[in-house]
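Below is one structure, written out as structure tokens; comments come after it.
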Amino acid sequence: MDPDQPYRRYQELQSYVGWCDEDGERVHALAGPLELHLLPLIDDFYAEIERQPNARKVITGGQQQIARLKGTLVQWLRELFGGRYDRDYVLRRWRVGWRHVEIGLDQVYTNVALSRLRAGLVSAIGARWQGDQAGLVATIRSLNKLLDLDLAMIEDAYHAEYLVRQQRSDRLAAIGQVAGGVAHELRNPLNVVKTSAYFLLNARNSNPEKIVEHLQRIDRHVAVADGVITTLSNFAKMPLPELRPFPIDQCINEALELNPQPEDVQVKLDFREGTPRVLGDIDQLRIVFANLIRNARDAMPRGGLLTVSAKQVEGRVEVSVSDTGVGIAPENLSRLMEPLFSTKARGLGLGLALARAILDKNQGSLKVKSTLGSGSAFTVVLLGETVQEIQS
């Protein structure tokens, strides 16, 4: 973390609440009169913690730890009235929030604890005030500004550190999920390769047809394993697209050639308004349509109709890939494009996430409609060729 970043943040918040030198002087003037009240306030503070199980659970060192924490809180309050609200002051406040994440203290207890301290300080100020009422109101207002600034910095640090730790945890969880998915996807083709290799090495008097069959099995399942690795590689790093105009049927036909359909799946291309031209990276968009075509095929285990249609809509081209398959449950629709989420018994759950990432870079989008038991329609929205003419 840049050590100057919290202080810049603090100065920004000071400006927001209208903090000025007069506020600092008013608060600093309270240092002497409130010194004798600090220890009773701190004793009350920790006595209340003792009565709150969720707050007390983070204190694992017994009375020795409480004694140390009381000393820390005394120093914190003395700094509060010290009159120096510089970079070092702010960093110490920042570390409080960081420490709360480390010990597992919910930020809500910091908020209510500071509220209790605030009430005690205001009560002590009122009991010892010797000036006029206007001066008392101004002083309490300045103290509240400072306490709010302290709390804001503690919360900012808390959420920043919590987010860092959560992202780290999520990354580790994602690595575990990906590792499990890759292991699952690679184990099956590797087992086929292993059994065929065993046959070729140990079978006696095998006929040429059987040898060819096993060699073809090995070749086919090596291609499957390579496809898994390619998908992961494409998802991990997708280069910036080269946006060029091309006829959309070219991309779709190439995707269909790469993904032949079984005999019980009929393919229908519907370009009633002619073949639209789109603006995009044809190599990247081919990956998108290949994924959608494979998904449509997999959604029709007993065969059906796969329809690809395209139409122009206000400077854009909508390409729909629909099937008459099993459909998608409503509760799964919102999660379909999340990485590692899959409705298939086997699958990494990266296909649609990769498709969305590609479309984002190609200034496109993906929509889905589905009826359970009737089929699904995925609609890719792309820039029309006319957009390039307008931009040029």
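Can you list residue pairs whose Cβ atoms sit under 7 Å apart, with the first residue in the stretch 214-230 being within 11 Å of LEU190 (Cβ to Cβ) and the second being among the polar types (S, T, N, Q)? Count only pairs 6 or more apart in sequence or on different chains.
ILE218/SER196
Give the residues of the stretch 129-147 that are surrounded by 12 or more Cβ atoms within 10 Å (Cβ to Cβ) and of a type outside the set (Ser, Thr, Tyr), sorted by residue number.
Listed by number, the residues that qualify are TRP129, GLY135, LEU136, ALA138, ILE140, ARG141, LEU143, ASN144, LYS145, LEU146, LEU147.
Restricted to the stretch 304-317, and to residues that are surrounded by 15 or more Cβ atoms within 10 Å (Cβ to Cβ) and among the small types (Gly, Ala, Ser), which residue is nearest to ALA377 (Cα to Cα)?
SER309
If we only count helices (runs of 4 or more DSSP H) wholly inside the stretch 1-114, which ones have 3 or more residues that are surrounded by 15 or more Cβ atoms within 10 Å (Cβ to Cβ) and either in contact with an Asp or Glu (Cβ under 8 Å, 6 or more places away or on another chain) or hydroxyl-bearing (Ser, Thr, Tyr) (or both)?
4-17, 87-103
For the stretch 48-55, state whether one or more residues are closer than 20 Å to PHE81 by Cα and in contact (Cβ under 8 Å) with a residue 60 or more places away in the chain.
No, every residue in the stretch 48-55 fails to be closer than 20 Å to PHE81 by Cα and in contact (Cβ under 8 Å) with a residue 60 or more places away in the chain.
Just to be sure I understand, how many residues within the stretch 65-103 are of a type in the set (Ser, Thr, Tyr) and touching a Gly at 6+ places or on another chain (Cβ under 7 Å)?
Number of matching residues: 1.
Surrounded by fewer than 20 Cβ atoms within 10 Å (Cβ to Cβ) and among the hydrophobic types (A, V, I, L, M, F, W, C) - does that describe any residue in the stretch 289-301?
no
Exactly one of (1) without any contact (Cβ under 8 Å) to a residue 12 or more places away in the chain; (2) within 25 Å of ALA119 (Cβ to Cβ) is unmet by ARG78. Its number?
It is condition (1) that ARG78 fails.
Do any residues in the stretch 104-130 that are at pLDDT below 90 have Cβ atoms under 6 Å from those of residues that are in a loop (DSSP other than H, G, I, E, B) and surrounded by 12 or more Cβ atoms within 10 Å (Cβ to Cβ), where the two are at least six apart or on different chains, and which pairs are they?
Listed by first residue and then by second, the contacts come to GLY104/VAL58; LEU105/VAL58.
What residue, of GLU79, GLU35, is acidic (Asp, Glu), closer than 20 Å to GLU155 by Cβ and in the same structural domain as LEU147 (by TED's automatic domain parsing)?
Answer to the check: GLU79.
With respect to ALA119, is the statement that it is among the small types (Gly, Ala, Ser) and within 14 Å of PRO33 (Cβ to Cβ) true?
Considered against the rule, which asks whether it is among the small types (Gly, Ala, Ser) and within 14 Å of PRO33 (Cβ to Cβ), ALA119 comes out as no.
The values are calculated or read from the model by the stated rules, or taken from the named source; none is laboratory data. As the structure is a prediction and not an experimental result, all values here were calculated from the model. Because the Cβ atoms are built from the backbone with ideal geometry, glycine has one as well, and the counts that use them run over all protein chains shown.
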